[in-house]
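Structure, as structure tokens:
The values are calculated or read from the model by the stated rules, or taken from the named source; none is laboratory data. From a predicted model like this one, the values you see are computed outputs, not experimental measurements. Virtual Cβ from ideal backbone geometry, glycine too; neighbours counted across all protein chains shown. What goes into the accessible areas is simple: the full protein's heavy atoms, side chains included, and nothing from ligands, DNA or RNA. Shrake-Rupley method; radii C 1.70, N 1.55, O 1.52, S 1.80 Å.
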Amino acid sequence: MSEEHRKYLRGIKRRRSLVTLARVLLLVLMIGGWELAVRLGLADPFIVSSPSRVVSCLAGLASRGELLPHVAATFAETAAGFAAGTAAGCAAAVLLWFSPFLERVLEPYLVVLNALPKIALGPILIVWVGAGAGAIIVMALLVSTVVTVMTVLAGFLEQGKEKQELMASFGATRAQTFLKAVLPASVPSIMSALRISVGMSWVGVIVGEYLVSKRGIGYLIVYGGQVFRLDLVMASVSVLCVLAAAMYYAVAFFEKRVSARFAETAAK
Amino acid sequence: MENDNIAELRGVKLVYHEPSRETLAVEGLSLEIKRGEFISVVGPSGCGKTSVLKLLTGLMSPTAGSVSVMGEAPSAVRKRIGYMLQRDALFEWRNIRRNAELGLEIRGELDEASRRKVGEMLEKYGLGDFAGHYPDELSGGMRQKAALIRTLAPEPELLLLDEPFSALDHQTRLILEDEVYELIRSGGRTAVLVTHDISEAVAMSDRVAVFTGRPARVRRIVEPGLYGLPGERRADPRFSAVFESIWKELRQDERGA
């Protein structure tokens, strides 16, 4: 390794640690500024709460054993909605790839479903599924399925004619063409669909909880707002931030693992 | 088939339909491809040369006339036809060895023996050390060789090549010509090469079918009468005379168009 190259690598490393440092600093600054503004009387803690109040609120909830059941409920609903939405979305995309006719027929319906704010279906869901966890999961499923279908199908369809012509020249069946050429080539778009849909599932679950729930983080936020306990609202939002980010990174990690492994097993 | 033709096109007409228009790509095309020969098809660009290959693979059917390969409809003998596309279309997620095995795998012919054969072919044509590498780690010429081995591995009797060198730089092309020629001829296979490069056609073929502009048919068939590897033929003093005569044929068409 030449001296220049070492210098170049050092430069990259320095820039990277600078970014990390700035990120942490920004977080400290925001939280510190918030706390300071309240302590100095620049902001009313009744309206904006404060970091210390958020922490003591969380500690209170936790000590009374109220935090975990809410978190667990929301997390379980999101995971269920995400899993079901992704599975249904991928299955639908595969079906539509196999039948271009069906794809053409259903295209405008998909577009409308995608454009429709799914929250508008809330009352219908409550009537059909009942005002409970079922309606929340179905809401999350609805929100994540449509976007999954569209992203995954777009990934399938953008695979060039060339690979398919090659498969045809070897006399491949349509199923072989899909499994050996189209599906592996679409792994990146399937993975990005997963990443989008995990965020969508959170949206669906929180919206669902606003509407029907007696449990969960969404319920805590709505309840806190109604009784004007901003501490509770802010605390719940903070928990939500951590949970959503954790799930996003988990999916991103999974994405890396699968992409590597898929290349190995695609042939069998 | 009783005669020694491996494939025949008789009075073929081919019309492409698009919503806005229809195009008469091929009309009155008759061509016999003899077993064991290397025949090239040259013609003005956009004249429907590639259509001939698609007709021979059965990926397209003629509007009128008949296409037969080994005495049958092309789609019935697809397993005995190898088709090499203009671009290599290697799968990025498969290493070179597994790319080369693709055709065998699709046909369910991948076993110990065929695997070993692919390994030997890769070895022989300088890809042995790259068998475990992925396509994006290889040069254009190596990728094209891997694609050719993928086509040849199922041992097709009739090999169809659609401008296999067009994406390569000139130097790579000259080197690859010799290697590809050996690779194809080693099995005594029949090859049909479609190209826009007259010198390539002259250097590689036993016969050169010169096509007219659209609608395409055979204007003339030239037999270069040169022997040896493409590189040796290019050095032959008669090479330029053959090139010239084909060029003259083609130019007539360009003027007519």
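Annotations
- Candidates B:Asp162, B:Asp236, B:Asp129, ranked by Gaussian network fluctuation over chain B, Cα under 10 Å, top entry: B:Asp129
- Shielding value for B:50-60 is 1, the average number of Cβ atoms from other chains within 10 Å of each residue's Cβ.
- Across all C-alpha atoms in chain B, the radius of gyration and Dmax reach 18.3, 56 Å.
- The lysines whose alpha-carbon is closer than 23 Å to the alpha-carbon of A:Lys161, local same-chain residues fewer than 8 away aside, are A:Lys180, B:Lys49, B:Lys54, B:Lys79, B:Lys145.
- Once the Cα atoms are used to define both axes, helix A:3-39 deviates from the longest principal axis of chain A by about 40 degrees.
- Area of B:Glu18 that stays accessible when all protein chains are in place (1.4 Å probe, Å², to 10): 90
- For the stretch A:55-95, a Kirkwood radius taken over Cα pairs fed into Stokes-Einstein (10 °C, viscosity 1.306 mPa s) yields D = 130 µm²/s.
- Solvent-accessible area per residue for the protein assembly as shown (1.4 angstrom probe, square angstrom): 50
- A helix-only calculation puts chain A at -27500 deg cm²/dmol for mean residue ellipticity at 222 nm, using -39500 (n - 2.57) for each DSSP H run of at least four residues, averaged over all residues.
- Reduced Cα scattering model of the stretch B:166-213, Debye log10 I(q)/I(0), q = 0.29 Å⁻¹: -1.27
- To the nearest ten degrees, helix A:67-98 and the longest principal axis of the Cα atoms of chain A are 20 degrees apart.
- Packing-based ranking, highest mean first, of B:99-108, B:27-36, A:2-11, B:44-53 given that Cβ atoms within 10 Å are counted: B:99-108, B:44-53, B:27-36, A:2-11
- Accessible area (Å², 1.4 Å probe, nearest 10) - A:Ile137: 50
- Placing unit charges on the Cβ atoms of the charged side chains and taking the dipole of the stretch A:1-43 about its Cα centre, the candidate lying farthest along the positive direction among A:Met1, A:Ile12, A:Leu42 is A:Met1.
- Rh (Kirkwood; distinct C-alpha pairs) - the stretch B:1-123, Å: 16.8
- Surface accessible to a 1.4 Å probe, A:Trp34 within the full protein complex, Å²: 80
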